[in-house]
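Colleague: Provided herewith is a single structure, encoded as structure tokens, for subsequent inquiry.
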Amino acid sequence: MRKVYQEISQIAGNVITVQATGVGNQELASVEAPGFSSLAQVIRIEGDNVTMQVFSGTRGVPTDAEVRFIGHEAQTPFSDDLLGRVFTGGGVPRDRGPALDEDLIPIVGPPVNPARRVIPRTMIRTGIPMIDVFNSLVESQKLPIFSVAGEPYNELLARIALNAEVDLIVLGGMGLKYDDYLFFRETLEEAGALSRAILYVHTAADPVVECLLVPDTCLAVAEKFALGGKRVLVLLTDMTNFADALKEVAVTMEQIPSTRGYPGDLYSQLAARYEKAVDFEGAGSVTVLAVTTMPGDDVTHPIPDNTGYITEGQFYLRNGRIEPFGSLSRLKQQVNARTRDDHRTIMNTMIQLYAGFRESQEKQSMGFRMSAWDDKLLKYGELFETRMMDLAVNIPLEEALDLGWWILAECFAPQETGIPTALVERFWPAEAGARGVETLAEAAPAE
Amino acid sequence: MSLRAGRVKGVSGNLVTVEFDEAVSQNEVAYVRLGDLRLIAEVIRVRGRYADMQVFESTAGIRVGDAVEFIGELLSVELGPGLLSRVFDGLQNPLNVIAERHGFFLPRGEQTEALPRDQVWEFAPRAAAGDRVLAGDTLGVVAEGIFEHRVMAPFGLAGVAEVAEVAAAGEYTITDRIAVLRDASGEELDVAMLQRWPVKRPIRCYAERLRPTDQLVTKMRILDTFFPVAKGGTYCVPGPFGAGKTVLQQLVSRHADVDVVVIAACGERAGEVVETLREFPVLTDPRTGRSLMERTVIICNTSSMPVAAREASVYTAVTIAEYYRQMGLHVLLLADSTSRWAQALREMSGRLEEIPGEEAFPAYLESVIAAFYERAGAVRLNDGTVGTVTIGGTVSPAGGDFEEPVTQSTLKVVGAFHGLSRQRSDARRYPAIDPLESWSKYGSIVPDGELALARHVLSKGHEVQEMMKVVEEEGTAMADFVVYLKAEYLDAVYLQQDAFDPVDGASSSERQRHVFSLIARILGADMAFQDKDAARSYFQTLTQATRDWNRAAMEEDSFAAAQARIEAMLSEVSSDA
């Protein structure tokens, strides 16, 4: 029989303190009172004073609530039965399915030995040209999507989830709007992808501390599947809510804040999660895509700033498109030499010309006279934006490369693009002109 | 020393408060017992009968009352032959050995001997019975890869000792006795190849410190010509994320003209370390023709590994660097990134509830950073040979803002500043070192006059460029416009360097001097053009020709041909050529 403590000496924010002995750091406890039930985790011990964060918040907690220490750290069930299910951050079913309480695994495991990591080599195709062609996603990569509120980042995640060639999708929602949660569930269901997905959802209405469990739970489950040989894609939305939850707990704990109220260990906390992305030699892999909404579209805000130092590149989502400038996949060089011979050339040429388009556009808006070259660039930019950058475009890499050639051919003469002659001879469309582009444009959405 | 006991009284994050009975020392190492595990920790503050200790591993599960053993030693590393080509964590556990034992993960409480005890080394004595030696003097040598690894009198030896006995030439393991020393009081001391040294204490077994004057050639033009680093000097590389700090460090680690490179990957991405780990063994060191790994030691405490061990990792690295310096070698220590280490200090300071300084960094941040960089230096050893430790640290300033405390504290103590700029990296001008903001206090490989001219062109060109944003090209005087084009030319053909090109990627100092003298002539020439379009197109062609020149190996005919073409182009437009 475990000892029951019934005297909470302090309640502040979501943190309570009880007098107890024999308690381990980070151990879980149950806090029960009439009409109240929650788990709590030990975050500080000073002599007999044990301080815990209460996952479902402290609203309504009486000082004589029954506190029982469970004797282990946070755990989550793991089995193939997880597939197709929806849980809270704490692993409690959110759907009507049965509760799972066997085969528990700890949600915080040891780090991977760098000596056993391998250089990533496999591209994950997403069907989105702005990713596949220009900033390829690579297995075991960790990439954030930097976005302002209001951009369709959840739609983008859902698109990637449906298209990505992976065995398993683990979705972690943090502070997700209920509508967005339903959107994810329905989208996966309609596409028949729910059976290879596991959802851990903390909605905006749920207690803040529970949000902290979501990334750990997702990544622990993903890691376990990866060790079993599965290629897992973890989608996290939105890490800004996670960081804000960290801030809330840190402030309650009276920790000295560093920048803009965030705790000094924000970098380490984020890195501990993102670094779970890994390719296990001889087994599966974990790839992490995470949304980071940038408060005030400010990339120097502590959350995107720390994230950028951790992750292997970033996608900027702006005006409903993945911005070609600023977006970067640091691992693309590992894969895009082995896709098709023209991949790198198309990637570089189209971006350089697009930079020219932006300059011409700027000149145009300032009322400067447009040269013939400017007109070409303006036409090119327009075609590039509607036929390729639009997020609705969903075509395989090879078709996207062909589309790139057609767009170039419709706007420029080969020598104007600076593409090496050998590649022009091989790939430049023979009947360059509007006709070809129109045919291909059918693959693109109707405007 | 004896083991002394203590008991855990409190836990908060990585900080454990321990009650002790007998005396403890500041920075003493202790183990917290957690079941069968022994978690390593270090005393960082003492208050009455309580010691605050930072635990170098996760503190999950530690309870009040858990036993603690103080071992009476400061945090130390093992020094001896066999360090080269190895990969350690911040506490010098060999990661490959752990991988063999435990697979994919790093378990808690793992303490593994850093150096293999069963490997034998071919020892040749250099001292004889009756010789008088000081700490750090050579007793014998073993061959470690391409180096003659000196087996030295213990660094902690006080005063002059007499060699009582030296082992005969032959094979020994690192723990075998290879000499006996008799100190002034007549006490005898057994010496093995292996010795331990506390990481936070600099090794000072040398005759004198010298001013760093010899250049450390990195084969990167912008560094060697414009912002050089001397052997024994220090430099820092601050830059926002994505500006290429790590790539720059990797390039330097490949090409730098030193004997040994120690890489401290401190709190950064694991993937980047993996690239070094997997690529170095197959890359050839152009100086020796052997694998690059043979001259490299990697200390790796990536961002997912325990935070408190980040601090240990930079000290472990610098201690190993100093050890090889004691052999009269030139050592380069690359720390990436010192900001992560500073953040670890900040975390711990917060837990200790110290009064915070700027951005919550502790008030002692500056002195800690200064003391670390001061461990670089050129020294003359007791036997007259010179050894150096050069330290290059990256800094990851929050928001890319160089005004933040870590960058500013670092700038006060280093000899060169290589500031990376987001604008340059966005414009794909690599290496993205800002030529106007960066500086160096060390001497360049090119003549001062040529360098001053180039700097003048760069800053004047920048002024003109800024002005042109307002008055447009038409409103700019022809002479100014040419300066602007010259600055762009210098940038395009000299400051920028294509790391992927086998020739352009590594430019020897001889080549840099040769190329730069012609470029200086171009920059200094009076040029006349009909109009601005003619000037622009002239410089475009010249840029193309010079880039071709950069890609031609010096001994090839195409090198001379490209040079001749550039010289011909110069005489077309200038009166003095």
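The numbers here are math on the coordinates, done by the rules we state, and not lab data. Remember, predicted model here, so these are calculated numbers, not experimental data. Neighbour counts are summed over all protein chains in view; Cβ atoms, including those assigned to glycine, are modelled from backbone coordinates with ideal geometry.
Colleague: What are the equivalent ellipsoid semi-axes of the stretch B:362-428, built from the alpha-carbon gyration tensor (square roots of five times its eigenvalues), in whole angstrom, biggest first?
Modeller: 29, 18, 7
Colleague: With springs connecting C-alpha atoms under 10 Å apart, model chain A as a Gaussian network and identify which of A:M253, A:M366, A:M294 has the largest mean-square fluctuation.
Modeller: Largest GNM mean-square fluctuation: A:M366.
Colleague: When the Kirkwood radius is taken over all Cα pairs of the stretch B:448-573, what Stokes-Einstein diffusion coefficient follows at 25 °C and 0.890 mPa s, in µm²/s?
Modeller: 162
Colleague: Residue by residue, what Karplus-based ³J(HN,Hα) values in Hz, rounded to whole numbers, does the stretch B:242-252 have, using 6.51, -1.76 and 1.60 with θ = phi - 60° and x for Gly and Pro?
Modeller: Those phi angles translate into x, 8, x, 4, 5, 4, 4, 4, 5, 5, 4 Hz.
Colleague: Can you give the Rg to Rh ratio of the stretch A:4-73, both from alpha-carbon atoms, with Rh computed by the Kirkwood formula?
Modeller: A ratio of 0.90.
Colleague: Could you check the simple spin-label distance between B:D498 and A:S79, using points 7 Å along Cα→Cβ, in nm with one decimal?
Modeller: Each label point is offset 7 Å from its Cα along the Cβ direction, giving 6.0 nm.
Colleague: Taking the simple approach of a point 7 Å from Cα along Cα-to-Cβ for both B:A207 and A:S195, what is their distance in nm?
Modeller: Inter-label distance under the simple model: 8.1 nm.
Colleague: Another question, then. Please list the non-local residues whose amide H lies under 5 Å from the amide H of B:S291, H modeled 1.01 Å from N, same-chain partners needing a gap of 5 or more.
Modeller: B:D285
Colleague: If you find the alpha carbon centre of the stretch A:108-166 and of the stretch B:181-204, how far apart are they in angstrom?
Modeller: One Cα centre to the other: 53 Å.
Colleague: Okay, next question. Amide H neighbours of A:K142 under 5 Å, counting only residues 5+ apart in sequence or on other chains, H built in-plane at 1.01 Å?
Modeller: A:V288, A:E312
Colleague: Let me ask something additional. Could you work out Rg/(2.2 N^0.38 Å) for the stretch B:22-176, with Rg from alpha carbons only?
Modeller: 1.31
Colleague: Roughly how many whole Å is it from the C-alpha centroid of the stretch B:477-528 to that of the stretch A:34-101?
Modeller: The stretch B:477-528 and the stretch A:34-101 have Cα centres spaced 65 Å from each other.
Colleague: Hey, another quick one. Taking chain A as a Gaussian network, Cα atoms linked when under 10 Å apart, which of A:A277, A:A20, A:A164 shows the biggest mean-square fluctuation?
Modeller: Its mean-square fluctuation being the largest, the pick is A:A20.
Colleague: Continuing with the same structure: How long, wide and thick is the stretch B:176-331, going by the Cα atoms along their three principal axes, in whole angstroms, largest first?
Modeller: Computed over the Cα atoms, the extents are 60, 38, 30 Å.
Colleague: Which value at 222 nm does chain B reach when only helices count, each DSSP H run of 4 or more adding -39,500 (n - 2.57), with the total divided by all residues and rounded to the nearest 500 deg cm²/dmol?
Modeller: -9500 deg cm²/dmol
Colleague: Which pairs break 19 Å Cα to Cα here: A:K376/B:K469; A:K142/A:K332; B:K231/B:K441?
Modeller: A:K376/B:K469
Colleague: Label point 7 Å out from A:E362 along Cα-to-Cβ: which residues of the stretch B:410-429 have amide N under 18 Å?
Modeller: Inside the label zone: B:422-429.
Colleague: Roughly what % of Cα-Cα distances in chain A sit above 31 Å, to the whole percent?
Modeller: 47
Colleague: Between A:V118 and B:E171, what FRET efficiency comes out of the Förster formula 1/(1 + (r/R0)^6) with R0 = 30 Å and r the beta carbon distance, rounded to 0.05?
Modeller: The formula returns an efficiency of 0.25 here.
Colleague: How much length would be gained if the chain were fully extended between B:E122 and B:E100, taking 0.36 nm per residue of separation minus their Cα-Cα distance, in nm to one decimal?
Modeller: Using 0.36 nm per residue and subtracting the Cα-Cα distance, I get 5.2 nm.
Colleague: Over its Cα atoms, what ratio of radius of gyration to 2.2 N^0.38 Å does the stretch A:281-348 give?
Modeller: 1.35
Colleague: Extending each Cα 7 Å along its Cβ direction at B:E572 and A:V108, get the distance between those two points in nm, one decimal.
Modeller: Here the modelled spin labels are 6.8 nm apart.
Colleague: From the convex hull of the Cα coordinates of the protein assembly as shown, what is the mean projected area in square nanometres?
Modeller: 45.0
Colleague: So what is the relative contact order of chain B, in percent, for Cα pairs below 8 Å that sit 6 or more residues apart?
Modeller: Across chain B, relative contact order equals 13 percent.
Colleague: Efficiency by 1/(1 + (r/R0)^6): what FRET value for B:L518 and A:R426, r their Cβ-Cβ distance, R0 = 56 Å, to the nearest 0.05?
Modeller: With a Förster radius of 56 Å, E is 0.90.
Colleague: With r as the distance between the Cβ atoms of A:E254 and A:Q6 and R0 = 22 Å, compute the FRET efficiency 1/(1 + (r/R0)^6) and round to 0.05.
Modeller: Calculated transfer efficiency: 0.30.
Colleague: Ok, one more. Starting from the Cα gyration tensor of the stretch B:302-394, take the square roots of the eigenvalues, sort them a ≥ b ≥ c, and report rounded, prolate or oblate (rounded when a/c is under 1.5, otherwise prolate if a/b is larger than b/c, else oblate).
Modeller: It comes out prolate by the Cα gyration axes.
Colleague: Taking the Cα centroid of the stretch B:5-44 and of the stretch B:439-457, what is the distance between the two, rounded to the nearest whole Å?
Modeller: Spelled out, the Cα-based centre of one part sits 54 Å from the other.
Colleague: I'd like the Karplus ³J(HN,Hα) series for the stretch B:224-235: coefficients 6.51, -1.76, 1.60, θ = phi - 60°, whole numbers in Hz, and an x wherever there's a Gly or Pro.
Modeller: Running phi through 6.51 cos²θ - 1.76 cosθ + 1.60 with θ = phi - 60° gives 5, 7, 9, 10, x, 10, 9, 5, x, x, 9, 8 Hz.
Colleague: I've got another one for you. Considering only the other residues whose Cβ falls under 15 Å of the Cβ of B:F559, what net charge follows from Lys and Arg at +1 and Asp and Glu at -1?
Modeller: -3
Colleague: Taking springs between alpha-carbon atoms closer than 10 angstrom, which of A:A29, A:A74, A:A149 fluctuates most in the Gaussian network model of chain A?
Modeller: Taking springs between Cα atoms under 10 Å, the residue moving most is A:A149.
Colleague: Here's something else I'd like to know. What are the ³J(HN,Hα) couplings of the stretch A:169-185, residue after residue, when phi is run through the Karplus curve with 6.51, -1.76, 1.60 and θ = phi - 60°? Round to Hz, x for glycine and proline.
Modeller: Once θ is set to phi - 60°, the couplings for the stretch A:169-185 become 10, 10, 10, x, x, 10, x, 6, 5, 4, 4, 5, 4, 5, 4, 4, 5 Hz.
Colleague: Take every Cα pair under 8 Å in the stretch B:315-470 that's 6+ residues apart, average their separations, divide by the length, and report that relative contact order as a whole percent.
Modeller: This gives 21 percent for the stretch B:315-470.
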